[in-house]
Amino acid sequence: MKRFIINKFIESSSVVSALQKTLNAGINRYYDTAQTLLQGNSIVLKRNEDGCYPITDNFFSFIFLYSYYKAGIDLSRCEMYVAINQALRGIVTGCDNILDDEYKCTLDTNLPRKAVKFRSVMDILVSDRVLFNILFEAHKREEVSAEFVLDGVAISLNALTPSGVQEASEEGGVGKFLSPEEIITQVHHYKTGILFTAPWAIPARFENELTSDVEGIKDALYAVGMGCQLLDDMSDIVPDIRDGHHNYLASYINHRYGEESGNELRTMCLRDKDMTTDSILRKFPDAQKHITELGLQYLNAGVDVLFSDEPSSIKKYSIIFLLERIGVKRFFSM
């Protein structure tokens, strides 16, 4: 289903098809650099033999790439930023893996599958060095100064830090439900909203001649990130409560139905191993309407600006794909 939706997404715009080549080139530059860095040791990098990285598996990377194109950045530089973003993705995913005690693959290597922590550590170490190497190669081509290489490393770290600090605040579990408004402003704003603008940290400093309003584009990316996080909260309400993490839907139920219902919700999730999002929404019926409307409001606000120059169908298919990817499409009639 996801592939069908992405095919429709691609068919809706000739620009999307053209940018697929830039996406492939950027991701391949990341892997080429990683492969060079890993030479001379026993860790072997496995890659897609055809060098193709479909939008299906790299949708957010594509959205960031499209934002560069929309702003008027030359495609050769867009390729570099795709590679840099792939490095940032490796750092963020590696950190999330360690914090969540899981492994979502960035670098596929011959390391043991069970060595999830060390694989995550390698993803972070290699990706950090790839980022520096890509910036240094730009300096060798006399595209940027040596000072900018150092600035770029610092800028990228500062762009990721707010999200990391927020994640750290939940590491030991949270003791109470915040209000829904506090979840938006104190949690998701940092956790995901700002994180979705991080891919612009380096380009915003480096690019001098841009044809579109970069702040408007960053606001659009922020809105997409917030919408995705809200809907992800709906999908992950049970594990979030069990792991002691903040969750907008849980906070809304506690706020809307009262503290007693909030405590009941927590008890349900902790005691019933078969508890699901569907079961919770059946018990608290207007919660589904509220969070789906709010999440969709953010997504629409983001894609309407980001794809303002494209056919309306591309906006529709991008939202449907995101709903499918997050795992909440069944809650929407579209």
Of all residues making up the range 238-257, the number that are assigned to a helix (DSSP H, G or I), more than 17 Å from Glu293 (Cα to Cα) and not aromatic (Phe, Trp, Tyr): 8
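Among the listed residues Val187, Val149, Val153, identify the single one that is more than 22 Å from Ile124 (Cβ to Cβ) and touching a Leu at 6+ places or on another chain (Cβ under 8 Å).
Testing whether each residue is more than 22 Å from Ile124 (Cβ to Cβ) and touching a Leu at 6+ places or on another chain (Cβ under 8 Å) leaves just Val187.
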So, Thr106, is that one open to solvent by less than 20 Å² (accessible area, probe 1.4 Å) and of a type in the set (Val, Ile, Thr) or not? yes
It is to be established whether one or more residues within the range 17-27 are surrounded by fewer than 22 Cβ atoms within 10 Å (Cβ to Cβ), modelled with pLDDT under 95 and polar (S, T, N, Q). yes
Are any residues in the range 100-140 within 21 Å of the chain's Cα centre (by Cα), within 28 Å of Gly172 (Cα to Cα) and part of a loop (DSSP other than H, G, I, E, B), and if so, which ones? Asp101, Glu102, Tyr103, Lys104, Cys105, Thr106
Only one of (1) touching a helix residue (DSSP H, G or I) at 6+ places or on another chain (Cβ under 6 Å); (2) outside any helix (DSSP H, G or I) is not met by Ala201, so which one is it? (2)
Are there any pairs with C-beta distances below 7 angstrom linking a residue in the range 43-70 that is farther than 9 Å from Leu23 by Cβ to a residue that is among the hydroxyl-bearing types (Ser, Thr, Tyr) and open to solvent by less than 20 Å² (accessible area, probe 1.4 Å), with the two at least 6 apart or on different chains, and if so which? Ile43/Thr109; Val44/Thr109; Leu45/Thr109; Lys46/Thr109; Tyr68/Tyr81
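Sort through Lys315, Lys283, Lys329, Lys289 and tell me the only one that's in contact with an Asp or Glu (Cβ under 8 Å, 6 or more places away or on another chain) and without any contact (Cβ under 8 Å) to a residue 40 or more places away in the chain.
When all the criteria are applied, what remains is Lys315.
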Looking only at the range 125-149, and only at residues there that are of a type in the set (A, V, I, L, M), surrounded by 14 or more Cβ atoms within 10 Å (Cβ to Cβ) and without any contact (Cβ under 8 Å) to a residue 40 or more places away in the chain, the one that is nearest to Asn97 (Cα to Cα): Leu125
Condition check for Val153: under 24 Å from Ile91 (Cα atoms), in contact (Cβ under 8 Å) with a residue 24 or more places away in the chain and aliphatic (A, V, I, L, M): no
Of everything in the range 301-325, what is under 15 Å from Ala223 (Cβ atoms) and crowded, with 16+ Cβ neighbours inside 10 Å? Give them in sequence order. Ala301, Gly302, Val303, Val305, Leu306, Phe307, Lys315, Ser318, Ile319, Leu322
Before we move on, is Gly90 out of contact with any His (no Cβ under 6 Å at 6 or more places or on another chain), under 25 Å from Phe136 (Cα atoms), of a type outside the set (Asp, Glu) and open to solvent by 30 Å² or more (accessible area, probe 1.4 Å)? no
For Met122, indicate whether it is in contact (Cβ under 8 Å) with a residue 24 or more places away in the chain, of a type in the set (A, V, I, L, M), under 15 Å from Ala25 (Cα atoms) and buried (at least 19 other Cβ atoms within 10 Å of the Cβ). no
Top-ranked residue in the range 174-222 [being at pLDDT 95 or above and aromatic (Phe, Trp, Tyr); ranked as most open to solvent (accessible area, probe 1.4 Å)]: Tyr190
Report, by residue number, each residue of the range 234-284 that is under 27 Å from the mean Cα position of the chain (by Cα) and among the aromatic types (Phe, Trp, Tyr). Tyr248, Tyr252
State all residues of the range 35-51 that are within 18 Å of Leu125 (Cβ to Cβ) and open to solvent by less than 70 Å² (accessible area, probe 1.4 Å); if no residue qualifies, say none. Leu37, Leu38, Ile43, Leu45
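The values are calculated or read from the model by the stated rules, or taken from the named source; none is laboratory data. Predicted, not measured: the structure shown is a model, and the values here were computed from it. Cβ coordinates were reconstructed from backbone atoms using ideal geometry, including for glycine residues, and neighbour counts include every protein chain displayed. The protein model used for the area step is the full one, side chains on, heavy atoms only, and it has no ligands, DNA or RNA in it. Shrake-Rupley method; radii C 1.70, N 1.55, O 1.52, S 1.80 Å.
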